[in-house]
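Here's the structure we're looking at; comments come further down.
Quick note: the coordinates plus some simple rules give every number you see, no bench work behind them. This one's a predicted model, so the numbers in the text were calculated from it and none came from an experiment. For neighbour counting, all protein chains shown are included, and Cβ atoms are generated from backbone atoms with ideal geometry for every residue, glycine included.
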Amino acid sequence: MDCLFCKIAAGQIASRKVWEDARILAFEDIHPAAPTHILLIPKQHISGMDAAEAAHDELLGYLQRMAAQLARERKLTGGYRIVVNAGPDAGQSVFHLHVHLLGGRPMSWPPG
Ligand code: 5GP
Ligand code: ZN
């Protein structure tokens, strides 16, 4: 499949890996929007949150818990944000489900 994040998960395209196991991969975003900007992806291709099914419930929870775990490891004690952009209006540009972990600076609300 011609999917950028499937290729990163398969090691066909290089990334700065932060953490990995059989189900998910975490790597540094190539254009960081904050001092910490990590992407967490399932190794299985899911095009986005819009394609999530009940069978993905555990995986989706696991992605978020691991984002929180990495936030602890990065000592983001002031807080952080876990973001999923779903669809073009939200700015989703890669159609392989990914969770952004952003931290290390104050963030405004609502997001732009
Ligand atoms: P989205 O806009 O779909 O929510 O997020 C996609 C993210 O993937 C963006 O933050 C973008 O900087 C990042 N990205 C796009 N291409 C690459 C790449 O080849 N390598 C890495 N590490 N990040 C990428
Ligand atoms: Zn994919």
Exercise. All but one of (1) aliphatic (A, V, I, L, M); (2) within 14 Å of ligand 2 (Cβ to nearest atom); (3) farther than 17 Å from Gly91 by Cα hold for Ala51, so report the exception by its number.
Key: (3)
Practice problem: Just give me the residues in the range 42-54 being assigned to a helix (DSSP H, G or I) and within 13 Å of the chain's Cα centre (by Cα), in sequence order. | Solution: Met49
Quiz prompt | Single residue of Leu102, Leu25, Leu39 found to be assigned to a strand (DSSP E or B) and in contact with a helix residue (DSSP H, G or I) (Cβ under 6 Å, 6 or more places away or on another chain) | solution = Leu25
Exercise. Considering (1) surrounded by 14 or more Cβ atoms within 10 Å (Cβ to Cβ); (2) without any contact (Cβ under 8 Å) to a residue 12 or more places away in the chain; (3) of a type in the set (Val, Ile, Thr), say which one Val84 fails and leave the rest.
Key: (2)
Exercise. Could you please give the count of residues in the range 55-94 that are within 15 Å of ligand 1 (Cβ to nearest atom), part of a loop (DSSP other than H, G, I, E, B) and in contact with a Phe, Trp or Tyr (Cβ under 9 Å, 6 or more places away or on another chain)?
Key: 1
Quiz item: Can you name the number of the only condition in (1) surrounded by fewer than 17 Cβ atoms within 10 Å (Cβ to Cβ); (2) under 12 Å from the mean Cα position of the chain (by Cα); (3) of a type in the set (A, V, I, L, M, F, W, C) that Phe27 fails?
Solution: (1)
Quiz item: Given the conditions (1) in a strand (DSSP E or B); (2) over 24 Å from Gly112 (Cα atoms); (3) within 10 Å of ligand 1 (Cβ to nearest atom), and given that Lys7 satisfies all but one, which numbered condition is not satisfied?
Solution: (1)
